[in-house]
Structures are given as C-alpha cells and as structure tokens.
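The values are calculated or read from the model by the stated rules, or taken from the named source; none is laboratory data. All of these numbers come straight from a predicted model, not from anything done at the bench. Here the Cβ positions follow ideal geometry from the backbone for every residue, glycine too, while neighbour counts run over all protein chains shown. Only protein heavy atoms, including side chains, enter the accessible area calculation; ligands, DNA and RNA are left aside. Shrake-Rupley method; radii C 1.70, N 1.55, O 1.52, S 1.80 Å.
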Amino acid sequence: GGTVMAAVREVEIDPEGTFKYILVRLHRPGGEERRDIVRGTKAAEFHNHIFEKVNPEMEKLGYECKCLGGGKIDHNSKEKKIRVFGLSTGYGKADHSVTVEILKKVYTDYEITWSDDKK
C-alpha cells in the first residue's frame, strides 16, 4: 500500500547549521513503488552513520534502502535559505538537483540552491 510509504517523511534534516546529508531511495521488494528521501544531521560524523540509522528503520517498514549519494546541507532558518553542496567520500555525490526538488516540497517558502562546490 501507498499509505505506509506516504507515512515516511521525505525530509528529516537539522533545523539549523551545516551538516552531512544523504539521498536514499526506498523500494518495496517485488513492487514498483519507489521514493527518494533526504536525511541529514550534525550528529553524523560520516555519511554512513546516517545510512546506518535510516536503513533499519526502513527495513522494519518493509523497504529496501539504497544510498544514492551524499553531500552537505547548509540550513539557515533565520534567512529561510538552504544550500546543498559537496559530496560523500563513501557514497559519491548525490544528485543535488533531486535533493533540492524534495526539499522544496517541505520548505515551500525557502530559497533553496545547490552547487558542486566542496565548501
């Protein structure tokens, strides 16, 4: 059912600061249903720390997870700006343009940009 997948929040990121993020594709085994989600937090020293937290949560819901890459997010809640940049050494660079489209669904009144800059 689509209802369970709809219950998974598309975006879970820290409310402020600069931190690592990953783009994760959820897939129900044997099904066509796919969904890309964004997860990012300062608590993660490395990108795989984020994946190691998300993966078991999603497996419990019956999804297979695949990390599509990572980068960094600079979240300025005061100015309502989000910048997506950088890459993950382990997972490679996420398609930041995809990440931005997902973020726009949630942060509708934000200015959201991306670049391939490292910093």
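The table below lists the values:
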{"quantity": "Matching residues, segment 79-101, being polar (S, T, N, Q), surrounded by fewer than 18 Cβ atoms within 10 Å (Cβ to Cβ) and out of contact with any Phe, Trp or Tyr (no Cβ under 8 Å at 6 or more places or on another chain)", "calculated": "89"}
{"quantity": "Only one of 118, 104 that is without any contact (Cβ under 8 Å) to a residue 60 or more places away in the chain, under 20 Å from residue 25 (Cβ atoms) and open to solvent by 30 Å² or more (accessible area, probe 1.4 Å)", "calculated": "104"}
{"quantity": "Top-ranked residue in segment 49-67 [being open to solvent by less than 50 Å² (accessible area, probe 1.4 Å) and hydrophobic (A, V, I, L, M, F, W, C); ranked as farthest from the chain's Cα centre (by Cα)]", "calculated": "58"}
{"quantity": "Odd one out for residue 34 among (1) surrounded by fewer than 14 Cβ atoms within 10 Å (Cβ to Cβ); (2) of a type in the set (D, E, K, R); (3) at pLDDT 95 or above", "calculated": "(3)"}
